[in-house]
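The values are calculated or read from the model by the stated rules, or taken from the named source; none is laboratory data. If you're wondering where the values come from, they're calculated on a predicted model, not measured in any experiment. Every residue, glycine among them, receives a Cβ derived from its backbone with ideal geometry; neighbour counts consider all protein chains shown.
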Amino acid sequence: MDNIYDYKKFAILYVDDEEKSLKAFERAFGEDFRVFTAPNAQEGFQLLEKHADEIGLLLTDQRMPGEKGVWLLERARQLRPRILRILVTAYSDFEAAIAAVNSGAIYRYISKPWDPPQLELTLRHGLEFFMVQVERDQLLLEKMSVLRNMMIADRIVSLGLLAAGLSHHIKNSMVAVKTFLDLAPSKMAEEKANLDGLRNPDFWKDYHQNVQSQIEKINGLLADLRVSADSNPATQFADEVSLPAAVGAALETLKESFAARKIEIENKIPGSLPALRADKSKFYRLFELLFKDELAMLPAGSKISLSAELQNATTKPEIVLQVTDDGPSLPPEALSVIFDPFVVTGGAPSEYGINLMACFFIVHHHGGKIEAMSLPGRGNAFTLRLPLQPETTASSPDETAFLQKAMLNNGVWENLLAGG
(Lines give C-alpha, C1' and ligand atoms only; values in the text may rest on other atoms or scores of the structure.)
Protein backbone atom coordinates (compact mmCIF):
# COMPACT_ATOMS: atom_id res chain seq x y z
CA MET A 1 0.00 0.00 0.00
CA ASP A 2 1.42 3.38 -1.02
CA ASN A 3 2.01 5.85 1.79
CA ILE A 4 -0.37 8.79 1.65
CA TYR A 5 2.17 11.20 3.17
CA ASP A 6 4.84 13.16 1.33
CA TYR A 7 7.66 13.17 3.88
CA LYS A 8 9.64 15.73 1.88
CA LYS A 9 6.87 18.31 1.92
CA PHE A 10 8.30 19.68 5.20
CA ALA A 11 11.90 19.59 6.38
CA ILE A 12 13.62 18.30 9.52
CA LEU A 13 16.17 20.47 11.32
CA TYR A 14 18.79 18.57 13.35
CA VAL A 15 21.10 20.53 15.67
CA ASP A 16 24.15 18.92 17.30
CA ASP A 17 27.67 20.14 18.08
CA GLU A 18 29.14 16.75 17.13
CA GLU A 19 30.07 16.75 13.43
CA LYS A 20 29.96 12.94 13.26
CA SER A 21 26.41 12.95 14.56
CA LEU A 22 25.31 15.52 11.96
CA LYS A 23 26.88 13.52 9.11
CA ALA A 24 25.39 10.27 10.41
CA PHE A 25 21.96 11.86 10.55
CA GLU A 26 22.17 13.16 6.98
CA ARG A 27 23.49 9.81 5.75
CA ALA A 28 20.76 7.83 7.51
CA PHE A 29 17.76 10.03 6.68
CA GLY A 30 18.75 12.42 3.88
CA GLU A 31 17.32 10.18 1.16
CA ASP A 32 13.83 9.86 2.63
CA PHE A 33 13.50 13.29 4.26
CA ARG A 34 14.48 16.91 3.64
CA VAL A 35 17.21 17.60 6.21
CA PHE A 36 18.78 20.81 7.53
CA THR A 37 21.63 20.62 10.07
CA ALA A 38 23.35 23.13 12.36
CA PRO A 39 26.34 22.75 14.75
CA ASN A 40 24.95 24.91 17.57
CA ALA A 41 21.72 26.43 18.90
CA GLN A 42 22.36 29.93 17.55
CA GLU A 43 22.90 28.75 13.97
CA GLY A 44 19.98 26.39 14.37
CA PHE A 45 17.76 29.31 15.30
CA GLN A 46 18.98 31.29 12.30
CA LEU A 47 18.03 28.39 10.02
CA LEU A 48 14.70 28.16 11.80
CA GLU A 49 13.97 31.84 11.15
CA LYS A 50 15.03 31.55 7.49
CA HIS A 51 13.02 28.38 6.76
CA ALA A 52 10.23 28.71 9.34
CA ASP A 53 7.49 27.87 6.85
CA GLU A 54 9.34 24.81 5.55
CA ILE A 55 10.35 23.07 8.79
CA GLY A 56 7.97 20.64 10.47
CA LEU A 57 10.30 18.89 12.91
CA LEU A 58 13.14 20.15 15.09
CA LEU A 59 15.60 17.82 16.83
CA THR A 60 18.34 19.25 19.02
CA ASP A 61 21.00 17.93 21.33
CA GLN A 62 20.90 19.35 24.85
CA ARG A 63 24.57 19.76 25.77
CA MET A 64 26.26 22.11 23.27
CA PRO A 65 28.70 25.04 23.57
CA GLY A 66 26.84 28.29 24.08
CA GLU A 67 23.07 28.04 24.35
CA LYS A 68 21.64 24.65 25.29
CA GLY A 69 19.09 22.64 23.39
CA VAL A 70 16.17 23.64 25.63
CA TRP A 71 16.90 27.30 24.80
CA LEU A 72 16.47 26.54 21.10
CA LEU A 73 13.30 24.54 21.74
CA GLU A 74 11.76 27.41 23.65
CA ARG A 75 12.67 29.94 20.96
CA ALA A 76 11.23 27.60 18.33
CA ARG A 77 7.99 27.36 20.29
CA GLN A 78 7.72 31.15 20.34
CA LEU A 79 8.53 31.48 16.66
CA ARG A 80 6.41 28.61 15.29
CA PRO A 81 4.31 26.82 17.95
CA ARG A 82 3.19 24.15 15.48
CA ILE A 83 6.72 22.84 14.79
CA LEU A 84 7.21 19.54 16.62
CA ARG A 85 10.21 19.73 18.95
CA ILE A 86 12.34 16.74 19.99
CA LEU A 87 15.14 16.82 22.55
CA VAL A 88 18.04 14.40 21.99
CA THR A 89 19.68 13.66 25.34
CA ALA A 90 22.21 11.43 27.04
CA TYR A 91 21.23 9.71 30.27
CA SER A 92 23.00 12.44 32.29
CA ASP A 93 20.62 15.02 30.78
CA PHE A 94 17.53 13.18 31.89
CA GLU A 95 16.50 15.94 34.29
CA ALA A 96 16.66 18.50 31.46
CA ALA A 97 14.42 16.26 29.34
CA ILE A 98 11.88 15.97 32.16
CA ALA A 99 11.91 19.75 32.66
CA ALA A 100 11.37 20.29 28.93
CA VAL A 101 8.46 17.85 28.88
CA ASN A 102 6.87 19.46 31.93
CA SER A 103 7.17 22.95 30.43
CA GLY A 104 5.51 21.83 27.21
CA ALA A 105 8.55 22.75 25.15
CA ILE A 106 8.93 19.36 23.43
CA TYR A 107 6.94 16.72 21.58
CA ARG A 108 9.16 13.94 22.97
CA TYR A 109 12.76 13.18 23.89
CA ILE A 110 15.15 10.61 22.42
CA SER A 111 18.05 8.95 24.21
CA LYS A 112 21.52 9.31 22.75
CA PRO A 113 23.00 7.45 20.95
CA TRP A 114 19.85 7.07 18.89
CA ASP A 115 18.76 3.88 17.13
CA PRO A 116 18.33 4.61 13.37
CA PRO A 117 15.28 2.36 12.69
CA GLN A 118 13.50 3.59 15.82
CA LEU A 119 14.38 7.23 15.09
CA GLU A 120 13.14 6.88 11.50
CA LEU A 121 9.79 5.67 12.81
CA THR A 122 9.67 8.64 15.21
CA LEU A 123 10.47 11.07 12.38
CA ARG A 124 7.75 9.63 10.17
CA HIS A 125 5.14 9.74 12.93
CA GLY A 126 6.20 13.25 13.87
CA LEU A 127 5.93 14.58 10.31
CA GLU A 128 2.59 12.82 9.84
CA PHE A 129 1.27 14.48 12.98
CA PHE A 130 2.60 17.86 11.86
CA MET A 131 1.03 17.53 8.39
CA VAL A 132 -2.32 16.57 9.90
CA GLN A 133 -2.14 19.70 12.06
CA VAL A 134 -1.35 21.87 9.03
CA GLU A 135 -4.24 20.36 7.05
CA ARG A 136 -6.58 20.79 10.01
CA ASP A 137 -5.56 24.45 10.43
CA GLN A 138 -6.05 25.11 6.72
CA LEU A 139 -9.46 23.46 6.71
CA LEU A 140 -10.45 25.40 9.82
CA LEU A 141 -9.25 28.64 8.25
CA GLU A 142 -11.28 27.96 5.10
CA LYS A 143 -14.30 26.94 7.17
CA MET A 144 -14.13 30.07 9.28
CA SER A 145 -13.84 32.18 6.14
CA VAL A 146 -17.02 30.53 4.86
CA LEU A 147 -18.70 31.08 8.22
CA ARG A 148 -17.81 34.75 8.22
CA ASN A 149 -19.06 35.25 4.67
CA MET A 150 -22.27 33.40 5.44
CA MET A 151 -22.82 35.54 8.51
CA ILE A 152 -22.45 38.67 6.39
CA ALA A 153 -24.67 37.20 3.68
CA ASP A 154 -27.36 36.34 6.22
CA ARG A 155 -27.31 39.90 7.49
CA ILE A 156 -27.56 41.20 3.94
CA VAL A 157 -30.65 39.08 3.31
CA SER A 158 -32.31 40.70 6.30
CA LEU A 159 -31.19 44.13 5.19
CA GLY A 160 -32.46 43.48 1.69
CA LEU A 161 -35.91 42.73 3.06
CA LEU A 162 -35.67 45.79 5.28
CA ALA A 163 -34.63 47.92 2.30
CA ALA A 164 -37.66 46.80 0.31
CA GLY A 165 -40.00 47.88 3.11
CA LEU A 166 -38.15 51.11 3.83
CA SER A 167 -38.14 52.07 0.17
CA HIS A 168 -41.91 51.67 -0.04
CA HIS A 169 -42.60 53.67 3.13
CA ILE A 170 -40.08 56.38 2.33
CA LYS A 171 -41.60 56.93 -1.09
CA ASN A 172 -45.06 57.24 0.43
CA SER A 173 -43.88 59.55 3.21
CA MET A 174 -41.95 61.76 0.81
CA VAL A 175 -45.06 62.53 -1.22
CA ALA A 176 -46.20 64.95 1.47
CA VAL A 177 -42.73 66.50 1.69
CA LYS A 178 -42.54 66.89 -2.07
CA THR A 179 -45.98 68.53 -2.17
CA PHE A 180 -44.88 71.00 0.49
CA LEU A 181 -41.66 71.78 -1.36
CA ASP A 182 -43.53 72.33 -4.60
CA LEU A 183 -45.92 74.78 -2.91
CA ALA A 184 -43.48 76.41 -0.52
CA PRO A 185 -41.79 78.97 -2.80
CA SER A 186 -44.99 80.55 -4.07
CA LYS A 187 -46.78 80.35 -0.70
CA MET A 188 -43.89 81.84 1.22
CA ALA A 189 -43.47 84.53 -1.42
CA GLU A 190 -47.08 85.58 -0.94
CA GLU A 191 -47.18 85.62 2.88
CA LYS A 192 -43.61 86.60 3.84
CA ALA A 193 -42.30 88.61 0.95
CA ASN A 194 -41.11 91.24 3.38
CA LEU A 195 -38.65 88.93 5.15
CA ASP A 196 -34.99 89.08 4.15
CA GLY A 197 -33.73 85.90 2.58
CA LEU A 198 -37.10 84.87 1.21
CA ARG A 199 -37.27 87.61 -1.40
CA ASN A 200 -34.92 85.61 -3.63
CA PRO A 201 -36.84 82.74 -5.28
CA ASP A 202 -33.53 81.01 -6.09
CA PHE A 203 -33.17 80.18 -2.39
CA TRP A 204 -36.28 77.99 -2.44
CA LYS A 205 -35.46 76.58 -5.86
CA ASP A 206 -32.01 75.41 -4.72
CA TYR A 207 -33.42 74.10 -1.43
CA HIS A 208 -36.11 72.19 -3.27
CA GLN A 209 -33.62 70.63 -5.70
CA ASN A 210 -31.23 69.65 -2.91
CA VAL A 211 -33.91 67.88 -0.87
CA GLN A 212 -35.28 66.18 -3.98
CA SER A 213 -31.82 64.90 -4.90
CA GLN A 214 -31.32 63.50 -1.39
CA ILE A 215 -34.69 61.77 -1.55
CA GLU A 216 -33.77 60.20 -4.89
CA LYS A 217 -30.35 59.19 -3.55
CA ILE A 218 -31.83 57.42 -0.52
CA ASN A 219 -34.33 55.58 -2.68
CA GLY A 220 -31.58 54.65 -5.13
CA LEU A 221 -29.37 53.21 -2.39
CA LEU A 222 -32.25 51.21 -0.95
CA ALA A 223 -33.21 49.98 -4.42
CA ASP A 224 -29.65 48.74 -5.05
CA LEU A 225 -29.64 46.84 -1.78
CA ARG A 226 -33.08 45.40 -2.43
CA VAL A 227 -32.20 44.25 -5.94
CA SER A 228 -28.85 42.78 -4.88
CA ALA A 229 -30.62 40.79 -2.16
CA ASP A 230 -32.96 39.23 -4.70
CA SER A 231 -31.81 35.72 -5.62
CA ASN A 232 -34.09 34.40 -8.32
CA PRO A 233 -32.85 30.97 -9.52
CA ALA A 234 -34.63 31.47 -12.84
CA THR A 235 -32.47 34.49 -13.79
CA GLN A 236 -29.42 34.04 -11.58
CA PHE A 237 -27.11 32.66 -14.29
CA ALA A 238 -29.31 33.12 -17.35
CA ASP A 239 -26.96 35.38 -19.35
CA GLU A 240 -23.56 35.07 -20.92
CA VAL A 241 -21.57 38.18 -20.02
CA SER A 242 -18.14 39.59 -20.74
CA LEU A 243 -16.12 40.97 -17.85
CA PRO A 244 -14.20 43.49 -20.01
CA ALA A 245 -17.49 44.71 -21.47
CA ALA A 246 -19.15 45.05 -18.05
CA VAL A 247 -16.20 46.94 -16.58
CA GLY A 248 -15.93 49.10 -19.69
CA ALA A 249 -19.61 50.02 -19.52
CA ALA A 250 -19.29 51.07 -15.87
CA LEU A 251 -16.21 53.17 -16.59
CA GLU A 252 -17.98 54.85 -19.49
CA THR A 253 -21.01 55.64 -17.31
CA LEU A 254 -18.80 57.26 -14.65
CA LYS A 255 -16.28 58.80 -17.04
CA GLU A 256 -17.29 62.40 -16.32
CA SER A 257 -17.25 61.82 -12.56
CA PHE A 258 -13.74 60.40 -12.71
CA ALA A 259 -12.57 63.25 -14.94
CA ALA A 260 -14.10 65.88 -12.63
CA ARG A 261 -12.03 64.52 -9.71
CA LYS A 262 -8.97 63.89 -11.90
CA ILE A 263 -8.89 60.19 -10.99
CA GLU A 264 -6.78 58.18 -13.44
CA ILE A 265 -7.95 54.74 -14.59
CA GLU A 266 -5.39 52.15 -15.69
CA ASN A 267 -7.35 49.32 -17.31
CA LYS A 268 -5.21 46.24 -18.01
CA ILE A 269 -8.07 43.75 -18.26
CA PRO A 270 -7.42 41.60 -21.37
CA GLY A 271 -10.23 41.44 -23.90
CA SER A 272 -9.53 37.74 -24.49
CA LEU A 273 -11.07 36.57 -21.19
CA PRO A 274 -13.84 33.97 -21.62
CA ALA A 275 -17.48 34.86 -20.94
CA LEU A 276 -19.22 34.07 -17.65
CA ARG A 277 -22.74 32.90 -16.84
CA ALA A 278 -24.48 35.54 -14.73
CA ASP A 279 -27.49 37.80 -14.27
CA LYS A 280 -26.42 40.51 -16.73
CA SER A 281 -28.18 43.47 -15.13
CA LYS A 282 -26.76 42.67 -11.68
CA PHE A 283 -23.33 41.88 -13.09
CA TYR A 284 -23.10 45.23 -14.86
CA ARG A 285 -24.45 47.04 -11.80
CA LEU A 286 -21.75 45.39 -9.65
CA PHE A 287 -18.98 47.41 -11.25
CA GLU A 288 -20.91 50.68 -11.25
CA LEU A 289 -21.38 50.30 -7.48
CA LEU A 290 -17.74 49.31 -6.93
CA PHE A 291 -16.43 52.31 -8.86
CA LYS A 292 -18.94 54.63 -7.17
CA ASP A 293 -17.51 53.56 -3.84
CA GLU A 294 -14.01 54.31 -5.08
CA LEU A 295 -15.19 57.75 -6.19
CA ALA A 296 -16.61 58.40 -2.72
CA MET A 297 -13.53 57.18 -0.86
CA LEU A 298 -10.56 58.40 -2.93
CA PRO A 299 -9.10 61.90 -2.82
CA ALA A 300 -8.86 63.89 -6.04
CA GLY A 301 -5.92 63.01 -8.25
CA SER A 302 -5.83 59.33 -7.25
CA LYS A 303 -5.24 56.36 -9.52
CA ILE A 304 -7.19 53.11 -9.93
CA SER A 305 -5.58 50.08 -11.61
CA LEU A 306 -7.54 47.14 -13.00
CA SER A 307 -6.20 43.71 -13.94
CA ALA A 308 -7.73 40.27 -14.41
CA GLU A 309 -6.71 36.73 -15.31
CA LEU A 310 -8.21 33.30 -15.79
CA GLN A 311 -7.29 30.78 -13.07
CA ASN A 312 -7.94 27.04 -12.56
CA ALA A 313 -8.72 26.73 -16.26
CA THR A 314 -8.81 22.91 -16.24
CA THR A 315 -10.71 22.34 -12.97
CA LYS A 316 -13.06 25.08 -11.79
CA PRO A 317 -12.24 28.04 -14.02
CA GLU A 318 -12.69 31.47 -12.51
CA ILE A 319 -11.72 35.02 -13.38
CA VAL A 320 -9.79 36.84 -10.69
CA LEU A 321 -10.22 40.62 -10.93
CA GLN A 322 -7.92 42.94 -9.02
CA VAL A 323 -8.96 46.56 -8.37
CA THR A 324 -6.22 48.56 -6.64
CA ASP A 325 -6.00 52.23 -5.74
CA ASP A 326 -3.34 54.53 -4.30
CA GLY A 327 -5.60 56.20 -1.75
CA PRO A 328 -5.11 56.23 2.02
CA SER A 329 -4.64 52.67 3.31
CA LEU A 330 -7.54 51.49 5.46
CA PRO A 331 -6.75 50.35 9.00
CA PRO A 332 -7.51 46.72 10.02
CA GLU A 333 -10.61 47.72 12.01
CA ALA A 334 -12.06 49.39 8.92
CA LEU A 335 -11.28 46.40 6.66
CA SER A 336 -13.08 44.01 9.01
CA VAL A 337 -16.38 45.89 8.54
CA ILE A 338 -15.93 47.34 5.08
CA PHE A 339 -18.95 45.46 3.70
CA ASP A 340 -21.18 46.67 6.55
CA PRO A 341 -23.31 49.64 5.41
CA PHE A 342 -23.87 50.97 8.91
CA VAL A 343 -20.22 51.38 9.90
CA VAL A 344 -18.46 54.46 8.53
CA THR A 345 -14.95 53.53 7.39
CA GLY A 346 -13.99 56.83 5.81
CA GLY A 347 -14.97 58.93 2.82
CA ALA A 348 -18.29 60.71 2.68
CA PRO A 349 -20.63 59.58 5.49
CA SER A 350 -23.60 60.26 3.22
CA GLU A 351 -22.64 57.26 1.11
CA TYR A 352 -23.74 54.96 3.97
CA GLY A 353 -21.50 52.11 2.80
CA ILE A 354 -24.41 50.40 1.04
CA ASN A 355 -22.60 50.26 -2.31
CA LEU A 356 -20.01 47.77 -1.07
CA MET A 357 -22.62 45.67 0.70
CA ALA A 358 -24.59 45.41 -2.52
CA CYS A 359 -21.34 44.43 -4.32
CA PHE A 360 -20.71 41.72 -1.75
CA PHE A 361 -24.16 40.29 -2.18
CA ILE A 362 -24.09 40.30 -5.99
CA VAL A 363 -20.74 38.48 -5.95
CA HIS A 364 -22.01 36.07 -3.28
CA HIS A 365 -25.05 35.12 -5.35
CA HIS A 366 -22.78 34.61 -8.33
CA GLY A 367 -20.95 31.95 -6.33
CA GLY A 368 -17.84 34.08 -6.03
CA LYS A 369 -15.88 35.98 -3.41
CA ILE A 370 -14.95 39.61 -2.89
CA GLU A 371 -12.21 40.54 -0.44
CA ALA A 372 -10.64 43.83 0.58
CA MET A 373 -7.09 44.30 1.77
CA SER A 374 -4.84 47.20 2.68
CA LEU A 375 -1.54 47.78 0.91
CA PRO A 376 0.44 49.73 3.53
CA GLY A 377 1.82 52.88 1.96
CA ARG A 378 0.36 51.95 -1.43
CA GLY A 379 -3.43 52.12 -1.02
CA ASN A 380 -6.06 49.37 -1.01
CA ALA A 381 -7.11 46.45 -3.18
CA PHE A 382 -10.33 44.59 -3.92
CA THR A 383 -10.05 41.03 -5.22
CA LEU A 384 -13.09 39.49 -6.93
CA ARG A 385 -13.17 35.77 -7.73
CA LEU A 386 -15.88 35.06 -10.29
CA PRO A 387 -16.48 31.47 -11.49
CA LEU A 388 -17.23 31.03 -15.18
CA GLN A 389 -19.94 28.45 -14.46
CA PRO A 390 -21.30 29.20 -10.97
CA GLU A 391 -23.24 26.56 -9.10
CA THR A 392 -26.28 27.17 -6.94
CA THR A 393 -25.68 25.85 -3.44
CA ALA A 394 -27.75 26.03 -0.29
CA SER A 395 -26.89 25.33 3.32
CA SER A 396 -29.01 22.97 5.33
CA PRO A 397 -31.13 24.61 8.06
CA ASP A 398 -29.09 22.89 10.77
CA GLU A 399 -25.81 24.14 9.33
CA THR A 400 -27.15 27.66 8.88
CA ALA A 401 -28.28 27.77 12.51
CA PHE A 402 -24.86 26.57 13.62
CA LEU A 403 -23.09 29.18 11.52
CA GLN A 404 -25.17 31.98 12.95
CA LYS A 405 -24.38 30.90 16.52
CA ALA A 406 -20.71 30.31 15.80
CA MET A 407 -20.24 33.75 14.33
CA LEU A 408 -21.95 35.75 17.09
CA ASN A 409 -18.55 36.53 18.53
CA ASN A 410 -15.59 37.16 16.23
CA GLY A 411 -13.27 36.32 19.10
CA VAL A 412 -14.47 32.72 19.17
CA TRP A 413 -13.22 31.78 15.73
CA GLU A 414 -10.13 33.97 16.01
CA ASN A 415 -9.14 32.04 19.14
CA LEU A 416 -9.80 28.76 17.34
CA LEU A 417 -7.55 29.77 14.49
CA ALA A 418 -4.85 30.84 16.92
CA GLY A 419 -5.05 27.45 18.59
CA GLY A 420 -6.41 28.90 21.85
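Only helices (runs of 4 or more DSSP H) whose full extent lies in the stretch 313-420 are considered here, and none of them has at least 2 residues that are of a type in the set (D, E, K, R), under 30 Å from LYS280 (Cα atoms) and modelled with pLDDT of 50 or more. Does any residue of the stretch 262-271 turn out to be in the same structural domain as LEU306 (by TED's automatic domain parsing), exposed (fewer than 14 other Cβ atoms within 10 Å of the Cβ), outside any strand (DSSP E or B) and among the hydrophobic types (A, V, I, L, M, F, W, C)? No, there is no match, as no residue in the stretch 262-271 is in the same structural domain as LEU306 (by TED's automatic domain parsing), exposed (fewer than 14 other Cβ atoms within 10 Å of the Cβ), outside any strand (DSSP E or B) and among the hydrophobic types (A, V, I, L, M, F, W, C). Of everything in the stretch 1-20 that is farther than 13 Å from GLY126 by Cβ and surrounded by 19 or more Cβ atoms within 10 Å (Cβ to Cβ), the residue that is nearest to the chain's Cα centre (by Cα) is VAL15. Cβ-Cβ contacts under 7 Å between residues 6 or more apart (or on different chains), taken from a first residue in the stretch 17-42 that is over 16 Å from TYR7 (Cα atoms) to a second residue that is in a helix (DSSP H, G or I) and among the aliphatic types (A, V, I, L, M), are listed as THR37/LEU22; ALA38/LEU47; PRO39/LEU22; ALA41/LEU72.
Just so you know, in the stretch 22-35 the residues that are closer than 16 Å to THR122 by Cβ and part of a helix (DSSP H, G or I) include one that is nearest to the chain's Cα centre (by Cα), and it is PHE29. Mind checking whether some residue in the stretch 275-288 is under 20 Å from LEU330 (Cβ atoms), in the same structural domain as ALA358 (by TED's automatic domain parsing) and assigned to a loop (DSSP other than H, G, I, E, B)? No: zero hits.
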